[in-house]
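Just below is one structure, and these are the notes that go with it.
Coordinate-derived values only; no laboratory data. Predicted model, so just to flag it, every value in this text is computed and none were measured. Backbone-built Cβ (ideal geometry, glycine too); neighbour counts: all protein chains shown.
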Amino acid sequence: VSSTLSALVAPPPSRAAAAFRRDVLTGLSSRAKHIHCKYLYDRPGSLLFDKICELPEYYPTRTERAILTRHAASIARQIGPRAALVEYGSGSSVKSRLLLDAMIDPIAYVPVDISLRHLEASAAGIARAYPAVDVLPVCADFSQGFSLPDFPRPPSHSAVFFPGSTIGNFLPDAARGLLSGIARLVGVGGGLVIGFDLQKDPRVIEAAYNDREGVTAAFNLNLLHRINRELDGRFEVDRFAHRAVYQDAQGRVSISLVSRQRQTVEIGDASIAFEAGESIHTEYSHKYTLPQFEAMAASAGMGVHRVWTDPKQWFAVAHCVV
Ligand code: AVJ
């Protein structure tokens, strides 16, 4: 494996644990309890999310994969030759293979992921399959900003690949901020290929976040198990329930954990009180219309050059240019 793994910079485990503890205690001490959704994606959480992606009700992954498969050549043409592909939230890098296969002489692949283990696995896999591509993994929280690694061979430009409708996790202001950050990162001449979920019949959306097998519930509740494992928490997890509702006015799914009873939970030496029915907000999933997305991209300094979608118009992949 000839990949350059030197760009891998993980935050020291003690610092990451301290940030998790601080964020959890701050979030659970707020009047409206909440925990940032990035904490859903530890190792068990990421594996549960992979299971979600295969569920019959969860249409986004399957629909995006179909769009990328069908339009890989025209997406690659839009990206242009000799580019560096920078993947946000690389996960298992399955989707980037579709693009790398179609791209003309790709120079580098930069997976960016918060999970070091996911990152290492995906970087090694890509390096093995694409020996002509410099693989430069970066362990970072892309919502916090980071810089591109030094390229051993300079690419003509960088294109961020941001699939999976992860943008939907962000509130409108933060989403715009993230797109502005991408525009700054790639600079003029750089690009963005982004997947986002489209507004549709709310029943279809709600079913996708309330699957019959209960995998999404397990994914959400894993956050409490994680607090128990890592922060010496004492959650009785079955005293909480998964809830996901579509909020039409905001065009988003709101996901939370609801206390089934009045209870007090110890986390280390802190103590958190819950009323019956009180919730911990854990995640949003925003759904856009094409005009909404175009307006947001424009306000972040990017123009939407092309959009590919599926026959039902459930999901979109857009190529944006700075
Ligand atoms: C990873 C943010 C794209 O919003 O659909 C899926 C997360 N949460 N089911 C989404 C998620 C519960 C997912 N994203």
- line: Longest principal axis of the chain (C-alpha) makes with the long axis of helix 43-52 (C-alpha) an angle, in degrees to the nearest 10, of 80
Sites excluded, GluC sites (Glu not before Pro) in DSSP loops with at most 10 other C-beta within 10 Å, longest stretch of the chain: 55-274
query: To the nearest 500 deg cm²/dmol, what mean residue ellipticity at 222 nm is calculated for the chain from DSSP H runs of n ≥ 4 alone, each contributing -39,500 (n - 2.57), summed and divided by the residues?
result: -12000 deg cm²/dmol
query: Please identify the chymotrypsin sites (Phe, Trp or Tyr not before Pro) of the stretch 196-299 that satisfy two criteria: DSSP loop assignment and at most 15 other Cβ atoms within 10 Å. Which are they?
result: none
- prompt: How big is the charge dipole of the chain about its Cα centre, in debye rounded to the nearest 20, if each Lys and Arg gets +1 on its Cβ and each Asp and Glu gets -1 on its Cβ?
  reply: 260
- request: Give me the number: length gained by fully extending residue 32 to residue 203, i.e. 0.36 nm times residue separation minus the C-alpha to C-alpha distance, one decimal in nm.
  value: 58.9 nm
query: the stretch 226-280 to the stretch 169-219: how many Å between their Cα centroids?
result: 23
- line: Within the stretch 214-322, DSSP-loop trypsin sites (Lys or Arg not before Pro) with at most 16 other C-beta atoms within 10 Å are 234, 260, 262, 312
- request: Please give the net charge around residue 234, taking every other residue with its beta carbon less than 12 angstrom from that of residue 234, where Lys and Arg add +1 and Asp and Glu add -1.
  value: -2
query: Which of the pairs 38/200; 38/312; 38/95; 38/287 have their Cα atoms more than 23 Å apart in this structure?
result: 38/200; 38/312
query: Which whole-number percent is the relative contact order of the chain (Cα, under 8 Å, 6+ apart)?
result: 21
statement: Among 14, 282, 146, the residue whose Cα sits farthest towards the positive end of the charge dipole of the chain (+1 at Cβ of Lys and Arg, -1 at Cβ of Asp and Glu, taken about the Cα centre) is 146
query: List the trypsin sites (Lys or Arg not before Pro) in the stretch 146-218 that DSSP assigns to loop (not H, G, I, E or B) and whose Cβ has at most 12 other Cβ atoms within 10 Å. Which are they?
result: 212
task: Specify which residue in the list 59, 26, 316 is farthest towards the positive end of the charge dipole of the chain, using unit charges on the beta carbon of Lys, Arg (+1) and Asp, Glu (-1), about the Cα centre.
output: 316
- line: In terms of the alpha carbon gyration tensor, root eigenvalues a ≥ b ≥ c, rounded if a/c is under 1.5 and otherwise prolate when a/b exceeds b/c or oblate, the chain is prolate
- line: Restricting to Cα pairs under 8 Å and 6 or more apart, the percent relative contact order of the stretch 20-162 works out to 22
Diffusion coefficient, µm² s⁻¹, Stokes-Einstein with Kirkwood Rh over alpha-carbon pairs of the stretch 152-308 at 20 °C and 1.002 mPa s: 119
- prompt: Which FRET efficiency, nearest 0.05, do residue 141 and residue 43 yield, Cβ-Cβ r, R0 25 Å?
  reply: 0.95
